[in-house]
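Engineer: Handing you this structure, nothing more for now.
Each reported figure results from applying straightforward, stated rules to the coordinates on display, with no laboratory input. As the structure is a prediction and not an experimental result, all values here were calculated from the model. Glycine gets a Cβ as well: all are built from the backbone with ideal geometry, and neighbour counts include every protein chain shown.
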Amino acid sequence: MNVLLIGSGGREHALAWKLAQSSFLTGLFVAPGNAGTDSIATNLKLDVSNHDAVSRAIKRHDIGMVVVGPEAPLVNGLVDELLDDTKHPGLVVVGPRKAGAQLEGSKAFAKEFMRRHNIPTAAYGAFDATQQEEAQEFLRNMQAPYVIKADGLAGGKGVIITEDLDEAQQVLEGMLSGASFGDAGTQVVLEQYLDGIECSMFAVTDGDAYHLLPSAKDYKRVGEGDTGPNTGGMGAVSPVPFMDAEFHEKAINQIIIPTIKGLAADGIPYQGFLFFGLMKVGGDPFVIEYNCRLGDPETEVIIPRIQSDLLHLFESMGAGLLSEYHLQIDSRTCSTVMLVSQGYPGKVEKGKAMTLPESMPKDTMLFHGGTTVSRGQVLTDGGRVVACSALSTTPEDAIKRSYDLASKVVFEGMSFRKDIGQDLL
Ligand code: AMP
Ligand code: GLY
């Protein structure tokens, strides 16, 4: 089967790397891809927000399956277009339609969904631009720290947490007026602060059955010791030692099953990934956020632990046969360290020449994010440049091997967090 994978990050390189190993694969196309996917697949220069262009590429390359990596095309309804049977009969798409993607695309929708289905999450209020007064009143009655969330997609920057009521009031006003986040902020969620440790769970579902993928912990802040601004993620480890069997059990029964049943009960078809951003408070799981896709860099530690054929898994999902599928997971630890450009998560310079390792030690993987190739030379092309992943029997060794791999990559202005996984040891 020919597969089209949409996206250009480390997540997509990891998915492409795994799909390329499938015995069911004939051709692999990535749109738009990066230097890493270019070395194992055919990159297509496609504007994926142009749904007709994606449709044309599907026809031209005789694509049987589309895997959508990032959230924006899902929230924008790409899948609804592709699943229009008259256009592409029989096409399998990994990724939900717009209605299901609302779990990520609208925080107010997600909170209302959780309330409706009794899924544990922080108490909240949701307000739109016509409710400035009510929202400010609700805020004044909250306890610090104040958690203020722009409703729509904001590239991980739409959540403000502050101890200062004056600042919270200004943030709220800025969001609702449209000044700070445009349309994404004209609806807000004000939320109770949850004091705990964050971790993530992932499932692949056909809307009825599901399989759990490995759990992971992401390191979101740019600086060591979880300091500085939020990023897309500076590193990740899977599995997570503090996510014990009891916690998993609670999360499955209180969150994962009710979410999949809730979608079905609400008449929302869902085929693809569910990403549960969780807070462990005491021993209990609460949902911080839903995502309708895999995480980046979580994918760079999850995918290396999947032993099964990924394309076969996706085909089972498409055929509604997930319940009969046996997913095999490697029990070893995988860790990844993200190498970023100077200035990230702010403005970065691109186009820096990169030196990459000449040979890859066993069970290590270099997943490209923001990279491109020009006349045979790999160049940086974004903030998060490459993820250095390694598998090993102990977390200590997996982490050490990720850093060993990172030490073999060179580009001007390169930086990375030195403490990925240290809190787990
Ligand atoms: P989100 O985009 O919803 O994942 O939020 C971004 C980050 O803000 C999360 O990764 C958490 O670190 C933090 N956060 C979000 N909601 C809460 C909450 N209710 N309590 C504490 N921290 C939160
Ligand atoms: N690493 C967090 C995310 O992908 O949302």
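Engineer: What tally of residues in the range 45-72 results from selecting those that are surrounded by 20 or more Cβ atoms within 10 Å (Cβ to Cβ), of a type in the set (A, V, I, L, M, F, W, C) and part of a loop (DSSP other than H, G, I, E, B)?
Structural biologist: Qualifying residue count for the region: 1.
Engineer: Do you know which of the residues in the range 253-311 that are of a type in the set (Asp, Glu) and away from ligand 1 (no atom under 15 Å from the Cβ) is farthest from His211 (Cα to Cα)?
Structural biologist: Applying the filter and picking the extreme gives Asp266.
Engineer: I'd like the full set of residues that are in contact (Cβ under 8 Å) with a residue 60 or more places away in the chain, surrounded by 19 or more Cβ atoms within 10 Å (Cβ to Cβ) and within 16 Å of ligand 2 (Cβ to nearest atom), limited to the range 166-202.
Structural biologist: Correct list: Cys199, Ser200, Met201, Phe202.
Engineer: Continuing with this model, one more query. Test each condition in (1) within 16 Å of ligand 1 (Cβ to nearest atom); (2) touching a strand residue (DSSP E or B) at 6+ places or on another chain (Cβ under 6 Å) for His211 and report the one that comes out false.
Structural biologist: Going through the list (1) within 16 Å of ligand 1 (Cβ to nearest atom); (2) touching a strand residue (DSSP E or B) at 6+ places or on another chain (Cβ under 6 Å), His211 breaks only (1).
Engineer: Hey, another quick one. Within the range 251-304, count every residue that is in a helix (DSSP H, G or I) and within 12 Å of ligand 2 (Cβ to nearest atom).
Structural biologist: So the answer is 4.
Engineer: Among the residues of the range 1-34, write down those that are in a loop (DSSP other than H, G, I, E, B) and within 16 Å of ligand 2 (Cβ to nearest atom).
Structural biologist: Within the range 1-34, Ser8, Gly9 meet the criteria.
Engineer: Are any residues in the range 75-108 free of Cβ contacts under 8 Å to residues at least 12 places away in the same chain and either farther than 30 Å from Asp62 by Cα or within 14 Å of ligand 1 (Cβ to nearest atom) (or both), and if so, which ones?
Structural biologist: Those that are free of Cβ contacts under 8 Å to residues at least 12 places away in the same chain and either farther than 30 Å from Asp62 by Cα or within 14 Å of ligand 1 (Cβ to nearest atom) (or both): none in the range 75-108.
Engineer: Before we move on, is Ala209 over 19 Å from Ala387 (Cβ atoms), within 16 Å of ligand 2 (Cβ to nearest atom) and in contact with a Leu (Cβ under 6 Å, 6 or more places away or on another chain)?
Structural biologist: no
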